[in-house]
């Protein structure tokens, strides 16, 4: 994702798991929150739902919804539900409608959802239920060995050989 964007990231030290998940992730539903300047007109919302990109690809968009709580001064947050889209794709799709996008944040990916109690730049180990759901969706998940909640870069060197850590991380955005 571009530097200003962020949200849910899945980080693992298990290479085999990462490979299986990379193959599956394009099949999973994802939810994003997108902050734009001003309010999008109905025609722009309809065009986003169609999902046509400039390069001829088409995104599968199932829902586009703005919220009254999502108003920040001149900016407004929209929730966009897709299957297989990246943050970069979504930014391009919304900007194609003439909107000025200031932030894209992934809030769910398949069976995982970002919780508001996870601060920017921090991570947490997956709960047993999340690991089981992830395993069912993309393959077996290795044992959890870390319950850290500190900043991801402080813990980056704490990856012992043979240990598996699968975490949900809130990527720092600006």
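Descriptive notes on the structure:
- Residue match in region 11-34 (condition: assigned to a strand (DSSP E or B), in the same structural domain as residue 123 (by TED's automatic domain parsing) and on the phi > 0 side of the Ramachandran plot): no
- Count - residues of region 60-103 that are touching a strand residue (DSSP E or B) at 6+ places or on another chain (Cβ under 6 Å) and free of Cβ contacts under 8 Å to residues at least 12 places away in the same chain: 1
- Enumerated strands (runs of 3 or more DSSP E) restricted to region 98-174, each holding at least 2 residues that are at pLDDT below 80: 166-171
- Which numbered condition residue 55 fails, given (1) touching a helix residue (DSSP H, G or I) at 6+ places or on another chain (Cβ under 9 Å); (2) assigned by TED's automatic domain parsing to the domain that holds residue 6; (3) surrounded by fewer than 13 Cβ atoms within 10 Å (Cβ to Cβ): (2)
The values are calculated or read from the model by the stated rules, or taken from the named source; none is laboratory data. The shown structure was predicted, so the numbers you read here are calculated from the model rather than taken from an experiment. FYI the Cβ positions are ideal-geometry reconstructions off the backbone, even for glycines, and counts take in every protein chain you see.
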